[in-house]
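Student: First, the structure itself, so that you have it in front of you.
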Amino acid sequence: MTNTDTAPIRSGEDLNWAALEAYLHEHLPSQLDGEPFDPHANLGVEQFPGGHSNLTYCVRFGGLEFVMRRPPFGPVAPTAHDMPREFRLLAAIHPHFKLAPKPYLLCEDTAVIGAPFYLMERRRGIVVRQTVPPEIGDDLKLRHKISESLVDTLADLHAVDIHATGLAAIGKPVGFVKRQVEGWANRWERSKTSELAEMTEARAWLLDRLPAEPAQHTLVHNDYKLDNLMLDAADPSRLVAILDWEMCTVGDPLIDLGLLLCYWPQADDEELFADSLRSVTMLPGWMTRAEIIKRYAARSGRDVSNIGYYHIFAVFKLAVVIQQIYYRYHVGQTQDKRFADFDKRVAALAAMAHKMIQDQG
């Protein structure tokens, strides 16, 4: 990330920094990738302000910088925000796919800062969020090249041989889509704060039309989108990292493509869609969803004729993700005012899924 992408700690998200400092003094090795570590170093911490879920901090210690991740405060959904699993995933994937950052240290002792956490390498670059960074600006050709790199990198991730690398062991690929639909439907039931007929409809539609198993199972990042990618500030068309691997597994690769499409609104979308999924991709220069599908199919050689199913599932899943965040605000587990209107976003996404289902016929 860049030098200006950190901020002071948000109110209510301070941790026991003295306990963290003591733990790192005791457990960090004297050398990390050839860089010496000062055992008498003082701790410095800021926060990466992006994201609505896991808490991510920049830890400066002994002349070195790390990214530290821990779960959000309050109760969380079962199996969600699993820091030990994310650490072990990165440790397994990094040797075979270098855009996955290298993890350094896992702490499962909740007495240190109140939850499991881990440290990984800090990579530097730009992350495209709500505005176009100056490194990209109004260069429409560059925006298109970034779009191409994003699609190509997804296809390359899916080209990693999960059997030759042993990565098939990180999940259960057979039946993956069915488990995903059922799992997110159950999360909806546990977190809903009102009834939404469109969500009930989407669940039934998705379960009735489960796709066949893919010809090849692959790594599935499970949260692949523009703001989870880090771009080289000197050449933004080059990716330097993929972030947020906590939901990575093995299964049907079109799950990733569907999610990417879900997070990729374009200029001609209806206002409802744009309001619930605001993004820079609505501006000129970025590829359209149709162009993304075509390029992925060409790069991967996969049949994408049923991609509408995966796109609808991604919208359903995103509605549940946002509902889980809103639920924590609704019941007082977090005071973060950013989440106060998330129920409206959920309703908009449910309406979006309904319209997409109707369009499928």
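Student: Looking only at residues that are free of Cβ contacts under 8 Å to residues at least 40 places away in the same chain and surrounded by 13 or more Cβ atoms within 10 Å (Cβ to Cβ) in the range 186-209, which one is farthest from Gln324 (Cα to Cα)?
Tutor: Looking at the filtered set, the residue picked out is Thr200.
Student: Let me ask something else about it. Which numbered condition in (1) more than 30 Å from Phe66 (Cβ to Cβ); (2) of a type in the set (A, V, I, L, M, F, W, C); (3) surrounded by fewer than 20 Cβ atoms within 10 Å (Cβ to Cβ) is the only one that Val280 fails?
Tutor: Result: Val280 fails condition (1) only.
Student: Which residue pairs have Cβ atoms closer than 6 Å, lie 6 or more positions apart in sequence or on different chains, and pair a first residue in the range 172-184 that is without any contact (Cβ under 8 Å) to a residue 60 or more places away in the chain with a second residue that is in a loop (DSSP other than H, G, I, E, B)?
Tutor: Lys178/Leu210
Student: Any idea how many residues of the range 10-47 are hydrophobic (A, V, I, L, M, F, W, C) and either surrounded by 16 or more Cβ atoms within 10 Å (Cβ to Cβ) or part of a strand (DSSP E or B) (or both)?
Tutor: Looking only at that region, the number is 9.
Student: Please go through (1) in contact with a Lys or Arg (Cβ under 8 Å, 6 or more places away or on another chain); (2) under 25 Å from Ile93 (Cβ atoms); (3) surrounded by 20 or more Cβ atoms within 10 Å (Cβ to Cβ) for Ile146 and return the number of the only condition it doesn't satisfy.
Tutor: (1)
Student: Let me ask something additional. For the range 107-121, which residues satisfy the criterion of being part of a strand (DSSP E or B) and either among the polar types (S, T, N, Q) or buried (at least 18 other Cβ atoms within 10 Å of the Cβ) (or both)?
Tutor: Cys107, Phe117, Tyr118, Leu119, Met120
Student: Okay, moving on. Looking at the range 149-168, which of the residues that are in contact (Cβ under 8 Å) with a residue 12 or more places away in the chain and of a type in the set (Gly, Ala, Ser) is surrounded by the fewest Cβ atoms within 10 Å (Cβ to Cβ)?
Tutor: Gly166
Student: Any idea how many residues of the range 106-148 are of a type in the set (A, V, I, L, M, F, W, C) and under 18 Å from Asn228 (Cα atoms)?
Tutor: The number of residues fulfilling the criteria is 8.
Student: Can you pull out every residue in the range 246-269 that is more than 20 Å from Val304 (Cβ to Cβ) and touching a residue at least 24 places away in the same chain (Cβ under 8 Å)?
Tutor: Glu246, Met247, Cys248, Thr249
All of the numbers you see were taken from the coordinates with simple rules; none came from a lab. All values derive from a computational prediction rather than experimental measurement. Ideal geometry is used to build each Cβ from the backbone, glycine not excepted, and the neighbour counts take in all protein chains shown.
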